[in-house]
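The structure appears right after this line, and notes come after that.
What follows is calculated from the coordinates using simple rules that are stated; it is not laboratory data. All values reported here derive from a predicted model rather than from experimental measurement. Using ideal geometry, Cβ is built from the backbone for each residue, glycine included, and neighbour counts are taken over all protein chains shown.
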Amino acid sequence: MTQLVSLTLQDTGEGRQIVEAIKQDNPGVDSLEMPGAIKLDRPDSLIVKRETVSEKLGRDWDPQEIHLTMVSMAGNLDEDDDYFALSWNR
Amino acid sequence: MRSHHERENSVSIDLKTLNVKPRRQTFGHIARRFGEDRPATRYEEGMLDVQATDHFHYRPLWAPEYELYDKRRTAIELEDWYVLRDPRQFYYATYNISRTGMRQAADHNFDFVEKRGMLDNLTPEWRAKVENYLLPLRHVAWGANMNASQICDQGYGTAVTAPAIFTAGDQLGIAQLISQIGMMLEGGTGEALDRAKDQWMTADYWQGVRQVVEDTFVVEDWFELFVAQNLVIDGLVYPLVYESFDAEGQKHGGAAISMLSEFMSEWFADHSRWADAVIKTAAKESDANKDRLSAWFAAWRDKAAASLRPLSAYVLEDGGDAAVDAALETLNARAAKLGLSV
Amino acid sequence: MAAKKKLGLKQRYNLMTRGLDWETSYQPMDKVFPEATFEGIKIKDWDKWQDPFRLTMDSYWKFQAEKERKLYAVLDSFAQNNGQLGLSDPRYVNTVKLFLTGVSPLEYQAHRGFAHAGRQMPGVGPRIAAQMQSLDELRHAQTQIHTISHYNKYFDGLHEFRHMHDRVWYLSVPKSFFDDARTSGPFEYMIAIGFAFEYVLTNLLFVPFMSGAAYNGDLATVTFGFSAQSDESRHMTLGIEVIKFLLEQDPDNLPIVQKWVDKWFWRGYKVLTLVAMMMDYMLPKRIMSWKEAWEIYFTQAGGALFEDLARYGIRPPKYADVATAECDHVAHQNWSIFYQYTHAAAFHTWLPNSEEMDWLSEKYPESFDKHYRPRYEQWARMEADGNRFYNNALPQLCTTCQIPMGYTEPGDPTTIAFRTSEHKGDIYHFCSDGCKDIFDGEPEKYSQSWLPVHQIFQGNCGGADVEDVLKWYNMNLGADNLDQNVSPDQELWDEWQRQRAAVSSVAAE
């Protein structure tokens with residue numbers, strides 16, 4: 001069975017731009033739009049990159065700011081200065 | 001899109017013309033306390049009677065002699081545990097907004113000190129003392145964090161337990177802020193913190209304090225712990241360290257240390273307002289409470305003051321005892337104002 | 001002076017928190033941490049604990065303050081603009097009632113429980129994570145009370161949420177669940193709430209339900225809901241870290257942890273069947289069915305999770321297959337219970353209209369038309385004949401989950417499931433094998449249950465007849481209870497609609 005990692009973000013101005021960045025960096029990511037929220041699913045892993053989100057927002061974005069937008073997640077987390085990554089153990 | 005716009009429009013019409021008179025102003029448990037149905041503040045609604053009081057299903061496996069929330073966990077008796085109000089009226093939002101403002105000021109101070117290389121103004125001797133007296137205080141704060149969690153866990157009624165978890169957050173924040181000072185003193189490494197922990201574990205002048213802190217960990221009555229930590233230990237350590245030691249530091253180029261520890265001075269004033277209000281209210285309720293609180297106060301005061309003398313002598317040398325005496329005098333005056341016999 | 005280095009997140013966190021604790025020597029460690037061993041969990045090295053979020057207190061204050069500023073701006077604006085007028089349908093408010101009376105007190109319980117775990121677990125990493133969660137859970141309790149405070153001004157059934165939570169028959173379901181977790185040891189609590197509830201189950205409550213709140217025009221609730229969920233992600237991470245940590249520390253921990261996973265999955269699932277009913281019946285505009293949500297959030301997400309944990313020897317929770325199979329029935333059976341006991345509930349009920357029944361048929365092709373539509377049609381006929389069906393007998397409750405024994409046998413939706421166990425000469429009753437197993441594992445604990453129906457019969461709940469009991473609940477009879485269509489809530493809403501229609505027609509001219 002495919003192990004999906006998942007990240008749900010609030011459907012806000014900033015949330016949508018983070019979603020754009022994720023789509024750019026994670027080929028094959030699936031999205032489910034619900035009222036107020038967007039759920040992203042991808043087999044095995046998903047990464048949110050500081051650089052890409054910063055480009056989209058036009059300002060420096062700290063991955064810890066994801067706390068302000070995230071609604072839910074599934075997967076093991078690895079977070080550092082430059083990224084926020086989810087994965088299942090392969 | 002259009003229909004959404006229309007709905008907004010009609011709502012704005014409603015506002016002017018609809019009769020949207022509230023049917024009640026607040027929750028029943030709050031109206032009963034007020035004796036009338038009137039609007040309550042967010043502090044009141046988020047705090048009053050929020051803890052469960054009745055019909056607990058099971059006894060705790062970890063303390064089967066008690067109910068989950070049980071007034072009998074302390075010898076202090078109050079008719080109503082919601083008299084222990086927090087004069088700051090903190091609920092979660094106002095607490096975090098307050099602390100983030102204080103912390104921003106601290107960040108500015110850190111930047112200021114760093115940009116100007118102000119730590120270089122410390123004399124080498126004083127710098128060594130700062131490492132030895134200030135940095136081990138992160139462990140004292142961590143102990144206080146444990147005790148605040150304990151009070152939140154074991155205490156009775158949201159009025160006193162909610163500010164207790166805020167205090168746990170504060171003490172962790174202070175432990176981490178002291179750690180940051182240690183990192184700054186050592187060019188961004190943890191070596192000074194390692195040495196400080198070694199001091200905490202082995203230096204003679206720290207062992208008395210460590211023993212008092214460890215003794216608080218096994219206090220069973222949470223209100224006694226409240227007195228020991230929030231009135232006595234904090235009430236002696238903060239004036240001694242952030243006033244007396246700091247004043248001495250000024251003679252040795254220590255302005256940077258004052259700036260870096262400004263947060264602690266501001267916090268202590270804020271924290272004391274809460275600690276004082278809780279103790280004063282409990283003491284006022286009965287002579288039994290007053291006697292009990294006074295006895296706890298005296299016992300912990302004597303122990304804690306004695307434990308601080310070697311530390312104070314290490315830092316201030318001949319002036320060490322006088323500084324502890326001054327802190328004691330301040331604390332006794334404060335306790336007397338709270339209605340305790342000192 | 002050493003050269004200044006810019007520290008990374010991981011390094012900064014480690015330096016700021018590592019070594020804060022110490023091995024006590026003036027007091028023995030087992031007196032300082034008296035609960036560290038009694039559950040049989042073995043920990044060799046607490047420093048192996050990692051907090052992947054690495055949140056220091058200064059960052060915590062900063063992010064949380066920003067979330068709160070945003071949230072309270074929405075709440076103020078919702079109240080000022082009478083946001084309740086923008087709801088899809090006044091029936092929606094009943095979900096808010098169930099939420100405040102049933103869920104918000106649990107947030108508070110979680111707050112105190114994580115304070116306990118945050119004191120009792122040796123080890124800096126898990127203690128800090130637990131304390132932050134304790135703070136967060138207090139946030140959730142308070143923001144929910146503050147949000148719903150506005151609804152309380154206009155709608156019934158909310159005004160006595162605290163008093164009711166400690167007394168009302170169906171609220172003993174969530175209350176006993178959390179009392180159970182809180183009275184367990186600190187490690188079990190972490191698995192019960194941190195792992196089983198937060199990681200495996202709460203998405204079902206917060207994501208589709210809160211999205212449903214948005215869909216039904218409740219901007220205030222969706223804002224606190226999603227804002228709370230942003231903390232929940234941190235909590236889920238704590239939950240998964242704690243289970244991995246326990247399993248990595250010692251192989252002897254595996255059977256203990258597996259037993260807790262089995263128990264707390266089933267305990268949590270039974271509580272969440274109330275959410276099944278909220279999603280399928282109580283949201284006037286629906287997002288997805290309970291069955292669909294279960295598929296996404298349990299079968300899919302839980303499947304990936306348990307596949308990940310398999311390398312430690314953990315298997316998916318016992319009876320997960322039963323819970324999945326029950327998806328076809330559980331919301332309908334729960335709604336039927338509340339419809340029958342509408343006189344004794346502090347929210348309103350109704351029969352689904354024909355459009356809603358068609359939606360239910362579509363979502364539940366295996367079960368709805370065969371078993372539940374006929375029942376609702378029968379009740380609708382009785383109602384039309386002036387003979388609305390009330391069940392005036394007090395129900396038998398399951399000793400473990402405390403829900404009335406209205407569930408059917410696995411694979412046989414026409415036979416009510418009954419299980420019993422004997423303990424010290426008394427017979428105890430259960431709704432399912434899962435609940436019976438839990439009782440049999442700890443009969444000393446569950447035989448203590450404060451079962452509302454037993455308590456009523458023993459005369460501990462205000463009196464002998466139902467009306468006395470409801471008054472003891474502080475229920476406003478005729479306002480808080482009974483059907484939506486005869487409620488003061490509905491009357492007020494209809495009055496608002498009449499006034500709005502009059503204003504709009506004037507405005508149009």
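Its Kirkwood hydrodynamic radius, worked out from the mean inverse distance over all distinct Cα pairs, puts the stretch B:205-339 at 15.5 Å. For chain B, the longest principal axis of the C-alpha atoms and the axis of helix B:287-316 are separated by about 40°.
For chain C, find the longest principal axis of its Cα atoms and tell me its angle to the long axis of helix C:57-80, 0 to 90°, nearest 10. Orientation of helix C:57-80: about 10 degrees from the principal axis. Phi angles across the stretch C:415-426 convert, under the Karplus curve 6.51 cos²θ - 1.76 cosθ + 1.60 with θ = phi - 60°, into 3J(HN,Hα) values of 10, 5, 7, 10, 10, 9, 9, 10, 9, 6, x, 9 Hz, Gly and Pro given as x.
Close amide H contacts of A:M73 (hydrogens built in the peptide plane, cut-off under 5 Å, sequence separation of 5 or more or a different chain): A:T8. Each Lys and Arg Cβ is given +1 and each Asp and Glu Cβ -1; about its Cα centre, chain A then shows a dipole of about 320 debye. Couplings for the stretch B:214-231, taken from phi via the Karplus curve 6.51 cos²θ - 1.76 cosθ + 1.60 with θ = phi - 60°, read 5, 5, 5, 5, 10, 6, 8, 8, 5, 6, 4, 4, 4, 5, 4, 7, 7, 9 Hz in order; Gly and Pro are left as x. Residues whose amide H lies under 5 Å from that of C:T349, counting only those 5 or more places away or on a different chain, are C:D483, C:Q484; hydrogens are built 1.01 Å from N in the peptide plane. A run of chain B free of exposed loop cleavage sites, with GluC sites (Glu not before Pro) counted only in DSSP states other than H, G, I, E and B and at most 16 other beta carbons within 10 Å, reaches its longest extent at B:80-219. When the protein assembly as shown is described by a simple charge dipole with +1 on each Lys and Arg Cβ and -1 on each Asp and Glu Cβ, the residue from C:A393, C:W359, C:H371 located farthest towards its positive end is C:W359. Summarising the overall dimensions of the stretch C:388-509 from its C-alpha atoms, the Rg and Dmax are 22.0, 78 angstrom. In the stretch B:49-188, the alpha-carbon atoms span a convex hull of 155 Å³ per residue.
Please report the base-10 log of the normalised intensity I(q)/I(0) for the protein assembly as shown, using a Debye sum with one equal scatterer per alpha carbon and no solvent, at each q in 0.07, 0.08, 0.09 (1/Å). After summing over all Cα pairs, the log10 values are -0.59, -0.78, -0.98.
Restricting attention to the protein assembly as shown, close to 95% of DSSP beta bridges with both partner residues there are antiparallel. Across the stretch B:155-169, coupling constants 3J(HN,Hα) worked out from phi with the 6.51/-1.76/1.60 Karplus curve, θ = phi - 60°, read x, 10, x, 4, 3, 9, 7, 5, x, 5, 6, 4, 5, 4, x Hz, and Gly and Pro carry x. Using a cutoff of 8 angstrom between alpha carbon atoms and counting only pairs six or more residues apart, the relative contact order for the stretch A:4-87 works out to 38 percent.
Dividing the summed -39500 (n - 2.57) terms of all DSSP H runs of n ≥ 4 by the residue count of the protein assembly as shown sets its mean residue ellipticity at 222 nm at -17500 deg cm²/dmol. In terms of Cα to Cα distance under 15 Å, which aspartates and glutamates are near enough to C:K424, apart from those fewer than 8 places away along the same chain? Cα-Cα hits under 15 Å: C:D440, C:E442, C:E444. Counting, for every residue in B:84-95, the Cβ atoms of other protein chains within 10 Å of its Cβ and taking the mean gives 4. For B:K251, the lysines whose Cα comes closer than 26 Å to its Cα, not counting residues fewer than 8 places off in the same chain, are B:K115, B:K129. Across peptide C:298-305, the mean count of Cβ atoms from other chains lying within 10 Å of each residue's own Cβ comes to 5. Rounded to the nearest 20, the size of the Cβ-charge dipole of chain B about its Cα centre is 1260 debye, with Lys and Arg at +1 and Asp and Glu at -1.
Treating each Cα of the stretch A:4-87 as one equal point scatterer and applying the Debye formula with no solvent, the log10 of I(q)/I(0) at q = 0.19, 0.25, 0.26 Å⁻¹ comes out as -0.74, -1.37, -1.49.
Centre-to-centre separation between the Cα atoms of the stretch C:172-187 and those of the stretch C:212-287: 15 Å. To make sure I understand the rule: partners must be lysines, Cα under 20 Å from the Cα of C:K291, and not fewer than 8 residues away in the same chain. Which ones qualify? Filter leaves A:K39, C:K270, C:K318, C:K363, C:K370. Residues whose amide H falls under 5 Å from that of A:M34, counting only those 5 or more places apart or on a different chain, are A:K39, with hydrogens built in the peptide plane. Computed on chain C, with alpha-carbon pairs under 8 angstrom and 6+ residues apart, the relative contact order is 16 percent. Measuring nothing but how far apart in sequence close Cα pairs (under 8 Å, 6+ apart) lie, relative to its length, chain B scores a relative contact order of 20 percent. In chain B, the longest principal axis of the Cα atoms and the axis of helix B:320-337 are about 20 degrees apart.
Between the C-alpha center of the stretch C:464-505 and that of the stretch C:17-31 there is a gap of 58 Å. Measuring spread by the Cα atoms of the stretch C:152-263 yields a radius of gyration and Dmax of 17.1, 56 Å.
Projecting the Cα atoms of C:W290, B:L18, A:Q17 onto the charge dipole of the protein assembly as shown, computed from C-beta unit charges around the Cα centre, puts B:L18 farthest toward the positive end. Of interest is the spacing of the C-alpha centroids, which for the stretch C:58-118 and the stretch B:39-78 amounts to 22 Å.
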